[in-house]
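Student: Quick one: the structure is below, questions incoming.
The values are calculated or read from the model by the stated rules, or taken from the named source; none is laboratory data. All values reported here derive from a predicted model rather than from experimental measurement. Note: ideal-geometry Cβ built from the backbone for every residue, glycine included; neighbour counts use all protein chains shown.
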Amino acid sequence: MHILYVTAGLPFTSAEPYIIPEILEVQKRGHRVTVVPIRPRGSFAYEEARALNECAISQPVLSLSIIARAVAEIVRAPASVVRVARLLTASRNFRILFKNLVVFPKGLWLAYVVKRQAVDHIHAHWAGTSATAALVASVGSGVPWSFTAHRWDIPEDNLLKDKAQTATFVRAIDVQGAQELTGIIGPNKHKLTVIHMGVTVPSADAESEARPRGPLRVLLAARLVEYKGHRYALEAVAWLKSVDVDVSLHCIGEGPLKVTLEKQAIALDVQDRVQFVGLVDHQTLLTQLADHRWDVALLPSIQIREQREGIPVFLIEAMGAGLPVVATNTGGIPELLAGNAGMLIPERDAKAIAEALAKLAADGDLRRRLSDAAVRRVRDQFTLEWTVSALLSEISRPV
């Protein structure tokens, strides 16, 4: 089967590393894959992404060649183009309509690519403009399509009801996302399926617990943006320092709040206990997790307006490697930590973070129990083998 993935920027972005293992596993199963990013930005952000170089088609969202091919598609099949254009005019506000019109020509170009390369199925990651382009390509080519909805793209509601109507299936990555989608797509809710993002779980002989050496080593791997809650992690480190609990915090990731957070660490006098490591290659991070470089994984996410967590792949990967997890009860995190597979804490509560970390620093048996529960939870529903099998089953289902 030839599957065309429509992404936001992958493989030319640092924002979607969790999609790479899924695509590579699909290829490993013997399927041909083509990757088309809507807005490719620069070179490969991760070494793993280089493996997708040969199957990626990099074209800007708008160019003379895109427009020329779009015009050719209009001439070739005007009725189909008019039909999908009418769908786009139903966008619920001008901002979304504008975004959809920007990617409309690329969707028409994509229809040509789909036909020329004999694609069997189109799958879009993100329900926003990635799915819009995939919808246009599907209508223009007659090839079935589907999409994965993640987080912000659900409340944005970019033609979700119409997209669900034309798609063969709609994938949510967590139960909460599926519940939100149900209220939007209504009569097409039977097309919904929950398929988590999957990870590779280290072999059993790599699961032995690493006892804290000196300070409790805490990892927070997330973009440096407001809803990831880094500020509360820094406040927790300050609280622990004030009560003589030795802890070190490694923050992996880049983002617009880097300077602000570095200044906060200095103001709290914890710059000696907090490291902002920057971007780390995804495979390197997985290796370090398997090598027990850290003792605890922390994610203090908060909900801001319509921005919320799905099920963070960082936490799944950390749990699969046997790290105890401390995370807030927002988004899809409670679903991931079901069955006491981690420590759930309230959002925006630095003291709750500090108290959870203090318990883990003092109690090796608790770390071991949480480590074992985390690995079991990931192996139950979050392995790459399980999730890709479920995804391919949906894609292969007769239309």
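Student: Among (1) over 20 Å from Glu22 (Cα atoms); (2) at pLDDT 95 or above; (3) assigned to a loop (DSSP other than H, G, I, E, B), where does Arg213 come up short?
Tutor: (2)
Student: For Asp291, are the conditions met, namely being at positive phi and out of contact with any strand residue (DSSP E or B) (no Cβ under 8 Å at 6 or more places or on another chain)?
Tutor: The answer is no for Asp291.
Student: Every residue in the range 342-364 that is over 23 Å from the mean Cα position of the chain (by Cα) and either basic (Lys, Arg) or over 28 Å from Gly198 (Cα atoms) (or both), please.
Tutor: Asp349, Ala350, Lys351, Ala352, Ala354, Glu355, Ala358, Lys359, Ala361, Ala362, Asp363, Gly364
Student: Okay, next question. Restricting attention to the range 82-136, and to residues there that are of a type in the set (Phe, Trp, Tyr) and in contact with a helix residue (DSSP H, G or I) (Cβ under 8 Å, 6 or more places away or on another chain), which single residue is nearest to Ser146 (Cα to Cα)?
Tutor: Only one residue tops the list, namely Trp126.
Student: Moving on. Step by step: first the residues of the range 258-278, then only those that are outside any helix (DSSP H, G or I) and farther than 14 Å from Lys241 by Cβ, then the one that is nearest to the chain's Cα centre (by Cα). Which residue is that?
Tutor: Here the answer is Gly278.
Student: With respect to Leu366, is the statement that it is touching a strand residue (DSSP E or B) at 6+ places or on another chain (Cβ under 8 Å) and at pLDDT 95 or above true?
Tutor: Answer is no for this residue.
Student: Picking from Gly186, Gly140, Gly177, which residue would you name as being in contact (Cβ under 8 Å) with a residue 12 or more places away in the chain, under 23 Å from Gly320 (Cα atoms) and in a helix (DSSP H, G or I)?
Tutor: The match here is Gly177.
Student: Answer yes or no as to whether Lys191 is within 30 Å of Ala167 (Cβ to Cβ) and either surrounded by 22 or more Cβ atoms within 10 Å (Cβ to Cβ) or modelled with pLDDT of 95 or more (or both).
Tutor: The answer is yes for Lys191.
Student: Another one. Considering only helices (runs of 4 or more DSSP H) fully contained in the range 1-108, which possess at least 2 residues that are touching a residue at least 24 places away in the same chain (Cβ under 8 Å) and among the acidic types (Asp, Glu)?
Tutor: So the answer is 20-28.
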